[in-house]
1. Identify all residues within region 202-225 that are within 16 Å of ligand 4 (Cβ to nearest atom) and either over 25 Å from R262 (Cβ atoms) or not charged (D, E, K, R) (or both); write none if there are none.
2. If I ask for residues that are assigned to a helix (DSSP H, G or I) and either exposed (fewer than 14 other Cβ atoms within 10 Å of the Cβ) or in contact (Cβ under 8 Å) with a residue 40 or more places away in the chain (or both), which ones from region 194-217 would you list?
3. Just checking, how many residues over region 128-150 are touching a helix residue (DSSP H, G or I) at 6+ places or on another chain (Cβ under 8 Å), assigned to a helix (DSSP H, G or I) and within 21 Å of I199 (Cβ to Cβ)?
4. Please verify whether region 263-270 includes one or more residues that are touching a strand residue (DSSP E or B) at 6+ places or on another chain (Cβ under 7 Å) and loosely packed, with under 15 Cβ neighbours inside 10 Å.
5. Identify the residue in region 59-75 that is part of a strand (DSSP E or B) and more than 16 Å from ligand 4 (Cβ to nearest atom) and, among all such residues, is farthest from L117 (Cα to Cα).
6. Please work out if A101 is in contact with a strand residue (DSSP E or B) (Cβ under 9 Å, 6 or more places away or on another chain), within 16 Å of ligand 4 (Cβ to nearest atom) and outside any loop (DSSP other than H, G, I, E, B).
7. Would you point out which residue out of A176, A244, A255, A233 is within 16 Å of ligand 2 (Cβ to nearest atom), farther than 18 Å from L60 by Cα and in contact with a strand residue (DSSP E or B) (Cβ under 8 Å, 6 or more places away or on another chain)?
8. Could you check region 80-120 and list, in sequence order, the residues that are closer than 21 Å to L24 by Cα and crowded, with 17+ Cβ neighbours inside 10 Å?
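The values are calculated or read from the model by the stated rules, or taken from the named source; none is laboratory data. Since we're looking at a predicted model, the values are computed, not measured. Using ideal geometry, Cβ is built from the backbone for each residue, glycine included, and neighbour counts are taken over all protein chains shown.
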Amino acid sequence: AKEQGKARLEVFDESLRARAMARLEIEAGLREAMAAGELELHYQPKISLADGSLYGLESLLRWQHPVLGTISPATFIPIAEQSGLIVPIGEWVLNTACRQAAEWRSRGHEFVIAVNLSPVQLSSPSLARVVDDALRDSGLPPAALCLEITETAIMEDPEAARRVLQSLKALGVKLAIDDFGVGYSSLSKLKYLLPVDIIKIDKSFVDGITDCPDDRAIIAAIVSLAHELGATAVAEGVETEDQANALRALDCHVAQGYHFSRPLPAYRCFSQSEILSAA
Ligand code: C2E
Ligand code: CA
Ligand code: CA
Ligand code: CA
């Protein structure tokens, strides 16, 4: 009962906090956050299921607010998108991730760094130039950068997305389709995914892989679709050994999730004590 009371209090605190920090305040705070050094990238490993080696790292944005503590991207990214702030923030993310990855590479760690792109960035005419600049400034080889774009963002306007994806592809970067399976692409629209190198299977299917035959069947179908397209299947949100084994049995190549590692601050990646240093 004591535990329950505590949990309820936390929920209450959360909603109070959310109300106190109204949309506009978050927006105003975000404007300052970049300059104040409050934004930070964490990095979550993607692991090759065949041999446990490091396939890549996904950069995930964190906001350490001086008063409110860590604010989830699920809270502030939608606000950054509505206000257009996601464009300069996204540029900062690209530059920071590319520079960090180039630094790691110079120390002998070869892997693909992934950066999430918002649909707002996708419709920005400067996107390809921003990506190109980040590559040039950091010296990161284009093939070492992967851009993650959600299925929903692509299917909102597939024709426009096709042009943007082609302009990005022309730079030599890898493209991943994120949260695949929840955006409901009709079969006739699958051709828009052709330039994609990686298909990320949404966590909602992975959650059911051991207990739900339907989820397992959907994952099997996505994995074979990926293989037919010459793409790599990556399962996200893998939390247990059983899920990892089931994915391996379905021939899914790469997995990501708390079972392998939570997202880590840069200083903990490739450090002596981390599993990653073995990769
Ligand atoms: P996403 O791209 O689908 O990222 C995966 C989310 O799942 C991350 O949440 C990650 O920390 C979390 N996750 C990873 N493994 C597990 C697991 O095993 N179990 C569970 N329950 N969760 C897991 P996070 O970091 O809070 O990010 C949430 C979303 O915010 C991301 O979803 C992405 O859409 C967005 N986001 C994060 N960073 C950026 C960014 O730099 N730019 C843009 N545009 N969006 C970002
Ligand atoms: Ca992602
Ligand atoms: Ca995802
Ligand atoms: Ca997801």
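1. Just the residues of region 202-225 that are within 16 Å of ligand 4 (Cβ to nearest atom), to begin with: 202-209, 215, 218-219, 222.
Scanning region 202-225 gives S204, F205, V206, G208, I209, I218, I219, I222.
2. Across region 194-217, the qualifying residues are K203, V206, P213, D214, A217.
3. Selection size over region 128-150: 3.
4. We begin by selecting, within region 263-270, every residue touching a strand residue (DSSP E or B) at 6+ places or on another chain (Cβ under 7 Å); these are 263-266, 269.
Checking the rest, the ones that are also loosely packed, with under 15 Cβ neighbours inside 10 Å come to 265.
Looking through region 263-270, at least one residue is touching a strand residue (DSSP E or B) at 6+ places or on another chain (Cβ under 7 Å) and loosely packed, with under 15 Cβ neighbours inside 10 Å.
5. G69
6. Numbers: in contact with a strand residue (DSSP E or B) (Cβ under 9 Å, 6 or more places away or on another chain): yes; within 16 Å of ligand 4 (Cβ to nearest atom): no; outside any loop (DSSP other than H, G, I, E, B): yes.
Spelling it out, it is not the case that A101 is in contact with a strand residue (DSSP E or B) (Cβ under 9 Å, 6 or more places away or on another chain), within 16 Å of ligand 4 (Cβ to nearest atom) and outside any loop (DSSP other than H, G, I, E, B).
7. Only one candidate passes the filter, namely A233.
8. Answer for region 80-120, where residues must be closer than 21 Å to L24 by Cα and crowded, with 17+ Cβ neighbours inside 10 Å: A80, E81, S83, L85, I86, V87, I89, G90, S118, V120.
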